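See structure below.
The values are calculated or read from the model by the stated rules, or taken from the named source; none is laboratory data. A quick note: this is a predicted structure, and the numbers were derived from the prediction, not measured. For neighbour counting, all protein chains shown are included, and Cβ atoms are generated from backbone atoms with ideal geometry for every residue, glycine included. Heads up: the accessible areas ignore ligands, DNA and RNA and are worked out on the full protein's heavy atoms, side chains in. Shrake-Rupley method; radii C 1.70, N 1.55, O 1.52, S 1.80 Å.
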Amino acid sequence: MMDQMDQSEREKIRRIVEEVLSRLECPAPPAQAGPEAGSKPEAAPPACPVSTPREGRGEGIPVEASARHVHLTREALALLFGPEASLGQRRPLSQPGEFLSDKKVTLAGPKGHIDHVAVLGPLRGAVQVELSLTDAKALGIDPPLRLSGDLRGAASVDIHGPRGSLKNQAAGIIAKRHLHLRPSDAARYHVRDREDLRVRVQTARPVIFDEVTVRVSEHFMPALHLDFDEANACMLQPGICAEILGSGCPSGDSTPSGAAPRSPEPGGGRRAPRGLITEKDAQRLVREGGETIDVPPGTIVTPAAKDVFLHARRQVKFGGDPESMLAAGER
Ligand SMILES: [Zn+2]
């Protein structure tokens, strides 16, 4: 049988195997947990695997759930914990330099309070309270969705420590989900700082997260950061990885950082190669632009490749026959 299998069939099988293997790649199990592993049981994080460098892999970014936490300034620390107080390190977090401190505060709003909220170190230039929407509703406040560090319109919240209180601090935000990458990772995934991506978290209840903002720095380790509501939505478990769908531009693109995500080039059609279209082929075709993907007759399109086309909103024409994958019930 194998002798009769022609070269293209073997090539198809080889590429299917390659795609399956690449999708199974996942980082080592967690060595440390995220911000809130030490918090009370009912707030136990779904998972906080910690990133370890995984050079050369195109798939599998660790997913970390960030529980509610507080960043303090030196002045705020002194007010809440006394003038001599300093932030002791209980446990390092995945992002280098960040740590879970030995301090906890109580947050209060018009409808309730939350005890034992972790203070993260190091100290910062502004007080910031990062909450999930569930936390915000329990407190009775309405924080805006913001990337960490952006406190425009932040909600007022009271912060209580053992030695003092900060009333009506305009510090409450719901942290926007984001993807930490080093410049080398960003180049490998063909994405840029501040770009928004679609990312799939493959769990028992898989979720595709849209508008995941990329943050690139030499000081980061690769990690997708979700809040508890998002982590619970996808039933996050330890060791789960995220996969970038519908990546951004090819590296070397001169589009300024922060530009809106690219839309398909108007009018263009992209001719797919005959035989087999894998996820990587699909990502390449999407990056090349064009509103439609022309798939030659008899060509296999893997489910992952279909996902890429679907989420990049590309119409796929099979054998020259226009067919919307959504309309055709492909998913
Ligand atoms: Zn983060």
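Some notes on this structure:
- Condition met for Lys176 (closer than 30 Å to Leu80 by Cβ and free of Cβ contacts under 8 Å to residues at least 12 places away in the same chain): no
- Any hit, the range 121-129, residues being of a type outside the set (Val, Ile, Thr), crowded, with 20+ Cβ neighbours inside 10 Å, within 16 Å of the ligand (Cβ to nearest atom) and more than 22 Å from Val286 (Cα to Cα): yes
- Test: Asp210 is within 16 Å of the ligand (Cβ to nearest atom) and either assigned to a strand (DSSP E or B) or farther than 30 Å from Pro83 by Cβ (or both): no
- With respect to (1) open to solvent by 40 Å² or more (accessible area, probe 1.4 Å); (2) more than 30 Å from Thr134 (Cβ to Cβ); (3) modelled with pLDDT under 75, the lone exception for Gly290 is condition (1).
- Strands (runs of 3 or more DSSP E) wholly inside the range 60-127 that include at least 1 residues being more than 21 Å from Asp150 (Cα to Cα) and among the hydrophobic types (A, V, I, L, M, F, W, C): 61-66, 99-108, 113-121
- Going through (1) more than 14 Å from the ligand (Cβ to nearest atom); (2) in a loop (DSSP other than H, G, I, E, B); (3) surrounded by fewer than 19 Cβ atoms within 10 Å (Cβ to Cβ) one by one, Arg192 falls short only on (3).
- Scanning the range 306-313 finds no residues that are at pLDDT 70 or above, open to solvent by less than 50 Å² (accessible area, probe 1.4 Å) and part of a strand (DSSP E or B).
- Selection within the range 213-227 - among the β-branched types (Val, Ile, Thr) and within 11 Å of the ligand (Cβ to nearest atom): Thr213
- When each of Ala154, Ala118 is tested for being of a type in the set (Gly, Ala, Ser), away from the ligand (no atom under 16 Å from the Cβ) and either open to solvent by 20 Å² or more (accessible area, probe 1.4 Å) or modelled with pLDDT of 95 or more (or both), the lone residue that passes is Ala154.
- Residue selected from the range 216-242 under the condition open to solvent by 20 Å² or more (accessible area, probe 1.4 Å) and charged (D, E, K, R), by the criterion modelled with the lowest pLDDT: Glu218
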